[in-house]
Amino acid sequence: MKVLLDENITRRSILVLEKYGHDVIHVLNRFSAGENDEDVFQLALEEKRALITLNGKDFVILIPPKAELELHYGLIWLRGFQVTKKTYEGVMDVIGLFLKNKGDSIKNTYYAVKKNQDSYQIIQRYPKSPKVLVIDR
């Protein structure tokens, strides 16, 4: 799967996601720091990449149901926790495996990833789904 990491995600995450077979680029490989969110999202659309970010509130307004858009390649919003040098590997392992299993079925969806003690929950926010995936790490 093709993935774009927003600038607030450490570049070290690339290697973790690549071990699951994903084609990963970081925003700072294409733009200078501070690029506006619309341009970042447009890059994800043009290159058919799912976007992983800590700033989901800035991107959910660009996708359904907030905006009319026929197709996007998925949004994964890490909510309520920081991805640090100590924690990035754990959460990216969870996301890497999740994306490997979901594949292209994440098109036109957005997920929230939340930390709950020693596990991560991946919750499909749009379209609504009652399923919550909990992964211990």
Single match in Glu7, Glu38 (criterion: touching a helix residue (DSSP H, G or I) at 6+ places or on another chain (Cβ under 9 Å) and more than 17 Å from Thr87 (Cα to Cα)) | Glu38
Just one listed residue, out of Val24, Val60, is crowded, with 18+ Cβ neighbours inside 10 Å and either free of Cβ contacts under 8 Å to residues at least 40 places away in the same chain or over 16 Å from Ile106 (Cβ atoms) (or both), and it is Val24
Condition met for Gln121 (of a type in the set (S, T, N, Q) and touching a Lys or Arg at 6+ places or on another chain (Cβ under 6 Å)) | yes
Evaluate the following for Ile61: is it of a type in the set (A, V, I, L, M) and under 20 Å from Arg12 (Cβ atoms)?
-> no
When the stretch 1-21 is examined, which residues are found to be open to solvent by less than 10 Å² (accessible area, probe 1.4 Å) and of a type in the set (Gly, Ala, Ser)?
-> Ser13
Filter the stretch 97-118 down to the residues that are in contact (Cβ under 8 Å) with a residue 40 or more places away in the chain and touching a Lys or Arg at 6+ places or on another chain (Cβ under 7 Å), then identify the one that is nearest to Asn55 (Cα to Cα).
-> Ala112
Within the stretch 98-121, the count of residues that are surrounded by 16 or more Cβ atoms within 10 Å (Cβ to Cβ) and either of a type outside the set (A, V, I, L, M) or outside any strand (DSSP E or B) (or both) comes to 12
Six or more apart or on different chains, Cβ under 8 Å: which pairs go from a residue in the stretch 75-88 that's more than 26 Å from Tyr126 (Cβ to Cβ) to one that's assigned to a loop (DSSP other than H, G, I, E, B) and among the polar types (S, T, N, Q)? Could you list them?
-> Thr84/Thr10; Lys85/Thr10
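The values are calculated or read from the model by the stated rules, or taken from the named source; none is laboratory data. Here the structure is a predicted model, which means the values were calculated and not measured. Here the Cβ is made from the backbone with ideal geometry for all residues, glycine too, and neighbour counts use every protein chain on show. These area figures cover heavy atoms from the full protein model, side chains too; ligands, DNA and RNA do not enter into them. Shrake-Rupley method; radii C 1.70, N 1.55, O 1.52, S 1.80 Å.
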